[in-house]
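Novice: This is the structure I have questions about; it appears just below.
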Amino acid sequence: NLARGEATRDHPINTAAIPAIIQLSRLDNPVTQMRCAAALCKLAVNVNNVPLMISEGVVPAFIEMLKTENPDIVRHCCSALGCLAHEGSSCVMIAEGAGSAIIDGATKGDVTTQQACCAVLSIISSQEQCRRQLVNMGALPALIALSDMNHTTTRLRCAVAFANLSAESTVQGLMVDAGVVSAVAKLSAPSPSYDVPIQWDSVINGDDDEE
């Protein structure tokens with residue numbers, strides 16, 4: 001309940017709270033795990049909490065909770081990891097420990113989970129050291145499928161991920177073979193099946209806040 005309050009979101013959390021929530025998340029109880037994931041997700045929104053959360057081991061805790069494959073838990077975990085991934089070292093940890101689970105959620109989860117997973121993939125792709133790893137894990141087919149979703153933010157995140165990944169010379173050929181060129185062309189073309197076509201100038205110039 002404390003995580004819901006405006007005061008908690010506006011001010012750093014007490015240092016004892018995060019380890020306590022992490023400990024509770026290890027209980028073999030889906031309801032408790034979901035509440036812990038939701039609480040940590042709300043706390044991660046406050047950038048002042050992020051350094052403490054990372055130092056207390058919240059990323060490994062999220063990685064463990066992702067293994068439950070519970071859609072609600074996965075959604076909360078991915079939303080939180082999206083906040084934490086903006087910090088470079090945690091981004092690498094997320095890619096190494098949770099990349100496969102995030103890609104799996106982007107492929108098999110419900111729509112909300114897919115959108116949350118797409119956000120994390122887009123952010124992780126901004127880290128040079130994570131790009132090849134994401135491709136090796138199978139991110140390209142997942143992103144191509146997500147780029148066909150009739151949801152502007154998700155499609156823009158896919159465009160950002162494609163732009164980021166294409167900066168890695170060692171994966172450019174793999175991207176072509178996977179069909180990314182066709183996906184990019186489809187993202188760019190006006191179509192009645194999409195709400196808004198992607199404006200690539202904004203992607204290249206970094207106007208999207210997910211990169």
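The values are calculated or read from the model by the stated rules, or taken from the named source; none is laboratory data. All values derive from a computational prediction rather than experimental measurement. A quick note on method: Cβ atoms are made from the backbone with ideal geometry, for glycine too, and the neighbour counts reach across all protein chains shown. Heads up: the accessible areas ignore ligands, DNA and RNA and are worked out on the full protein's heavy atoms, side chains in. Shrake-Rupley method; radii C 1.70, N 1.55, O 1.52, S 1.80 Å.
Novice: Quick one: in segment 153-167, of everything that is within 15 Å of LEU134 (Cβ to Cβ) and in contact with an Asp or Glu (Cβ under 7 Å, 6 or more places away or on another chain), which residue is surrounded by the most Cβ atoms within 10 Å (Cβ to Cβ)?
Specialist: Among residues in segment 153-167 that are within 15 Å of LEU134 (Cβ to Cβ) and in contact with an Asp or Glu (Cβ under 7 Å, 6 or more places away or on another chain), the one surrounded by the most Cβ atoms within 10 Å (Cβ to Cβ) is ARG157.
Novice: So in segment 106-152, with the set limited to residues that are open to solvent by 10 Å² or more (accessible area, probe 1.4 Å) and within 19 Å of VAL59 (Cβ to Cβ), which one is nearest to the chain's Cα centre (by Cα)?
Specialist: Checking each candidate, the answer is ALA119.
Novice: Inside segment 67-96, can you point out the residues that are touching a Cys at 6+ places or on another chain (Cβ under 7 Å), open to solvent by less than 10 Å² (accessible area, probe 1.4 Å) and more than 15 Å from LEU134 (Cβ to Cβ)?
Specialist: Across segment 67-96, the qualifying residue is only ALA80.
Novice: With respect to SER126, determine if the residue is at pLDDT 95 or above and of a type in the set (Ser, Thr, Tyr).
Specialist: Taking the combined requirement at face value, the residue does not satisfy it.
Novice: Every residue in segment 168-183 that is free of Cβ contacts under 8 Å to residues at least 24 places away in the same chain and surrounded by 22 or more Cβ atoms within 10 Å (Cβ to Cβ), please.
Specialist: Within segment 168-183, none qualify.
Novice: Right, next: Just to be sure, is ALA145 out of contact with any strand residue (DSSP E or B) (no Cβ under 6 Å at 6 or more places or on another chain), assigned to a helix (DSSP H, G or I) and modelled with pLDDT of 95 or more?
Specialist: Considered against the rule, which asks whether it is out of contact with any strand residue (DSSP E or B) (no Cβ under 6 Å at 6 or more places or on another chain), assigned to a helix (DSSP H, G or I) and modelled with pLDDT of 95 or more, ALA145 comes out as yes.
Novice: May I pose another question? Based on this model, can you work out whether LEU24 counts as surrounded by fewer than 17 Cβ atoms within 10 Å (Cβ to Cβ) and in contact with a helix residue (DSSP H, G or I) (Cβ under 6 Å, 6 or more places away or on another chain)?
Specialist: Judged against the criteria, LEU24 is a match.
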